[in-house]
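Asks: Before we start, here is the structure in question, set down as structure tokens.
The values are calculated or read from the model by the stated rules, or taken from the named source; none is laboratory data. Given the structure is predicted, the values throughout are model-derived calculations rather than measurements. No Cβ is skipped: glycine too gets one built from the backbone with ideal geometry, and neighbour counts run over all protein chains shown.
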Amino acid sequence: MLTKWLNNAHSTVVFTGAGMSTESGLPDFRSSTGLWKQFDPKQLASIDALNNQLSDFMQFYLERVNSVQLVKPHQGHSILAQWEKQGLIEGIITQNVDGLHQEAGSTHVAELHGTLKRLHCQSCGETKDREDFIKQQIKCHCGGKIRPSIVLFGEQLPNKAFEDASHLSSFCDLFIVLGSSLSVAPANQFPLIAKEAGAKLIIINEESTDLDHYADLVINERKIGEVLSAVDQQLHSI
Ligand code: APR
């Protein structure tokens, strides 16, 4: 059914979460081995942590900035990039901050939560290179703090990515969620926007999600890469 819907759709949008990157070796957040099972996000991944717990904040993000440099896209990322080139998908809305979709070749990617691949000064906004951060050079020449260009809890989502995601969701006829618990707003509103605009909603995730009851199809699988590979093979046999 997934292959048929994908093949017949006029505009397909893919929405990814941390479960899209676990097969590349990065942890997710809320499964049994997730990051938020080891750390309290409010203590580390919040604007409050940047302002008041700077050393803990820096330690946590040094590890995460380094980890995204060490991993590579897996077959699932590559298949999505190939589907974009073939015109099968319009674009990707991602909550992920690892840059793996772009590294695999996807070009239309709305990064709702920013990226660990970039850093900037909290005060003057100047872009900083990774070396400064790795050397734990915490301050910018203006005196501001250097931080990753991700959305911290308590911050607004980037306007451009939000508007891009809203447009993609409002005008698609197939919306496929890959590897997200769909538990964080406002990102988890986009599957509903697509559904309300008349799109079919497919959720592929190891565990059940908060929005399964809205979906036209739910596939509980632990290996997104293998699911996409099987669909890709079926597409070639049509
Ligand atoms: N295949 C299928 N599903 C998987 C796989 C896999 N290989 N690996 C993990 N999953 C599932 C997990 O079971 C989990 O339900 O992916 C889901 C990931 O959910 P979360 O860990 O909640 O990640 P996500 O939905 O992306 O979180 C959203 O929360 O903390 C914030 O900013 C952070 O962007 C993140 C946001």
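Asks: Tell me, which helices (runs of 4 or more DSSP H) lie completely within segment 61-153 with 1 or more residues that are without any contact (Cβ under 8 Å) to a residue 12 or more places away in the chain, surrounded by fewer than 19 Cβ atoms within 10 Å (Cβ to Cβ) and more than 21 Å from the chain's Cα centre (by Cα)?
Replies: In segment 61-153, 130-134 are the helices (runs of 4 or more DSSP H) which contain 1 or more residues that are without any contact (Cβ under 8 Å) to a residue 12 or more places away in the chain, surrounded by fewer than 19 Cβ atoms within 10 Å (Cβ to Cβ) and more than 21 Å from the chain's Cα centre (by Cα).
Asks: State yes or no: is S166 surrounded by fewer than 20 Cβ atoms within 10 Å (Cβ to Cβ), among the hydroxyl-bearing types (S, T, Y) and assigned to a helix (DSSP H, G or I)?
Replies: yes
Asks: Does any residue of segment 25-41 turn out to be hydrophobic (A, V, I, L, M, F, W, C), more than 21 Å from the chain's Cα centre (by Cα) and not assigned by the TED database to the domain that holds S169?
Replies: No, segment 25-41 has no match at all.
Asks: Do you know which of the residues in segment 181-205 that are in contact with a Ser or Thr (Cβ under 7 Å, 6 or more places away or on another chain) and under 21 Å from R222 (Cβ atoms) is farthest from the ligand (Cβ to nearest atom)? Even if it seems obvious, please write down each step before you answer.
Replies: Restricting attention to segment 181-205, the residues satisfying the condition of being in contact with a Ser or Thr (Cβ under 7 Å, 6 or more places away or on another chain) are 181-182, 190, 193-194, 197, 203, 205.
Checking which are under 21 Å from R222 (Cβ atoms) leaves us with 181-182, 203, 205.
Details: S181: 3, L182: 6, I203: 10, N205: 5 Å.
So, considering only residues that are in contact with a Ser or Thr (Cβ under 7 Å, 6 or more places away or on another chain) and under 21 Å from R222 (Cβ atoms), the one farthest from the ligand (Cβ to nearest atom) is I203.
Asks: Quick one: V177 ticks every box in (1) more than 10 Å from the ligand (Cβ to nearest atom); (2) surrounded by 13 or more Cβ atoms within 10 Å (Cβ to Cβ); (3) outside the structural domain of H120 (by the TED database) bar one, so which box is it?
Replies: Only one criterion is unmet by V177, namely (1).
Asks: Same structure again: Would a scan of segment 109-125 turn up a residue that is on the phi > 0 side of the Ramachandran plot and within 16 Å of the ligand (Cβ to nearest atom)?
Replies: Yes - at least one qualifying residue is present in segment 109-125.
Asks: Among the residues of segment 202-238, which ones are crowded, with 16+ Cβ neighbours inside 10 Å, assigned to a loop (DSSP other than H, G, I, E, B) and not charged (D, E, K, R)?
Replies: Residues satisfying the conditions are N205, T209, L211, A215.
Asks: Taking the stated definitions as given, is K117 closer than 27 Å to P41 by Cα and out of contact with any Gly (no Cβ under 8 Å at 6 or more places or on another chain)?
Replies: Working: closer than 27 Å to P41 by Cα: yes; out of contact with any Gly (no Cβ under 8 Å at 6 or more places or on another chain): no.
Judged against the criteria, K117 is not a match.
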